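Enquirer: One structure is given below, represented as structure tokens, and several questions about it will come after.
Each value in this text was obtained by applying a stated rule to the coordinates, not by laboratory testing. Remember, predicted model here, so these are calculated numbers, not experimental data. Positions of Cβ are generated from backbone atoms using ideal geometry, with glycine treated the same way; all protein chains shown enter the neighbour counts.
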Amino acid sequence: MDIKEIKTALKNARECIREKQFKDALKHCKTVLAQDKNNYNALVFVGVAADGMEQFDQAEKAYKRATEAAPDQVLAWQGLCGFYEKHGGHEQDLVNVYQKLQELYKGDEEKKNDVLRKLADLDMKIGETSLAIPIYENLVKEEKNEDKKEKYMYKLEDILRNEKSLSEEWKKLYLSTCDSLFELDPVQFIDTMSVVKFYVRCLLQMLYVGSKLEFKCKTLQLKFPNISYPTEILVVMAMDKHIGEKFPVLHPSMDNYISTISKLTPDSSYLLAGQGYVQLCNKKFIEARDCLSRATDQLPKIPCIQYYHGLTLKHLHDFSGAERSCKMCLKTLERKDRVMTIPGSITSTVMVLQAEMLYEIGTDTSLQSALEIIQQISDDVPTNLLKGQIYLKLNDLDNCEKCIHGESPEMIALSGCLLYHKNNYEDAVVKLKTSIETDPNNSWSMFWYAKALWEKYKCSKEKTDIETCYMSLLK
């Protein structure tokens, strides 16, 4: 056959395919292949015709032979792509075809991006999410059509959110993708609540804390006013801010946060936590205990709730219960998935409270345990007063004396207690009175002042001593 006859045969084959006369098309192609066994167009037409006649093995072989004959020609790859897409069960082969096609489409952005999208979706289907994510990331960067770009961003968000485990790099990618989507108006998520929750959790995992986290949550409040989760995290943040204070104070926005959550999610565990914290700040300890106890069970990853539960039990004189809450809090702080909204560590603060509770329990064993805990606390945290009180209760007066430094009301009171234990009641009374004049609300100082006055009275029999003793105990 000369070139003209080959062209005529191929033209006839194309016409037969158009008319779905696949058997005749095969005859024309075989005539050409008998002359030129690697004729590219003939092999492609054999693939089409054999597929039409449901001779699938022959069709696949023909397409593959064509790609081998001219690997940089696109037609056979397109045919093989269509064949695999149509018949299924060839996922890995199709991956290879898509990869080749995206190379061949380098000069055509639209076709290249379409193939890349298909490749990413196929990677997802066969469980290769780690390959799909960078493809969609690149599509978002490269796509110039805004509508398509938005679709790619929504798809990327969905893939990342449903991935079992995200690396730090992918968490950053998720946050930046959401930041871009949040700027759209309207935002069209299928499940907006899940997106917002996952976004905030990523912020927490990426250690967005303090003012940065507060800003993000308040932005989300404005963007999605019907979703309570950003406000719930702001409740935790308001509680976190006051950990370690002598007595927690009410955050100025807490009432608004609680009101918002109660309207949106009245059964929220965070609402319980916030209400318990408010009751604690208002010194309604029984109500606070009930709320915080339930919140602790429902939100086991949030250490501040366990801390405030322990603090509440302290004020109810349930020292053993408070110590157990501190233990639980310390375990939670070791968890990678624990929820903290402020920078820095609160471990030392919780350990101090735990040691205080062991001191209040007051057995030799608990006092020794308290000392062991104090030894583990950073030197930056002032523990001399507590250590001195423990040594005093253990009747270890020498070590108690070593702990007395400075002229704070508490230290003056401790030195007064030490004098009391040395039977120097007159000087003890002077010291403890000085402490009380500076800090009249310290019940510990008041108690020891009364005891010192009683012992002084037993020696002096002065009526004023016993009267002052009586009044001190009443206070």
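Enquirer: About the Cα centre, and with charges only on the beta carbon of Lys, Arg (+1) and Asp, Glu (-1), how big is the dipole of the range 175-214? Nearest 20 debye, please.
Expert: 220
Enquirer: Please work out the Cα center distance from the range 1-72 to the range 218-289, rounded to the nearest Å.
Expert: 73
Enquirer: Follow-up. What is the packing order of peptides 221-232, 124-135, taking the mean over residues of other C-beta atoms within 10 Å and listing the highest first?
Expert: Put in order of decreasing packing, that is 221-232, 124-135.
Enquirer: In Å³ and rounded to a whole number, note down the convex hull volume per residue for the Cα atoms of the range 15-98.
Expert: Hull volume normalised by residue count: 82 Å³.
Enquirer: Shifting gears a bit: With charges set only on the Cβ (+1 for Lys and Arg, -1 for Asp and Glu), what does the dipole of the chain come to about its Cα centre, in debye to the nearest 20?
Expert: Charge dipole, the chain, about its Cα centre: 640 debye, nearest 20.
Enquirer: Additional query: When the Karplus curve 6.51 cos²θ - 1.76 cosθ + 1.60 is applied with θ = phi - 60°, which whole-Hz ³J(HN,Hα) does each residue of the range 61-78 get, with x for Gly and Pro?
Expert: 4, 5, 4, 5, 4, 5, 5, 6, 5, 9, x, 9, 8, 7, 4, 5, 5, 5
Enquirer: Related question: Could you give the radius of gyration (one decimal) and Dmax (whole number) of the Cα atoms in the chain, in Å?
Expert: 38.2, 138
Enquirer: Compute, for the range 135-211, the length of the dipole vector about the Cα centre, with Cβ point charges of +1 (Lys, Arg) and -1 (Asp, Glu) only. Units Debye, rounded to 20.
Expert: 260
Enquirer: So which aspartates and glutamates can LYS431 reach, going by Cα to Cα under 16 Å and dropping same-chain residues fewer than 8 places off?
Expert: GLU401, GLU407, GLU410, ASP439, GLU455, ASP465
Enquirer: Mean residue ellipticity at 222 nm from the helices of the chain, using -39,500 (n - 2.57) per DSSP H segment of n ≥ 4 over the full residue count, to the nearest 500 deg cm²/dmol?
Expert: -24000 deg cm²/dmol
Enquirer: Let me ask something additional. Which entries in LYS20/LYS61; LYS112/LYS212; LYS336/LYS387; LYS23/LYS148; LYS172/LYS301; LYS246/LYS331 show an alpha-carbon gap greater than 30 Å?
Expert: Over 30 Å Cα-Cα: LYS112/LYS212; LYS336/LYS387; LYS23/LYS148.
Enquirer: Using only the alpha-carbon atoms of the range 283-348, report the extent along each of the three principal axes, biggest first, to the nearest angstrom.
Expert: 31, 22, 18
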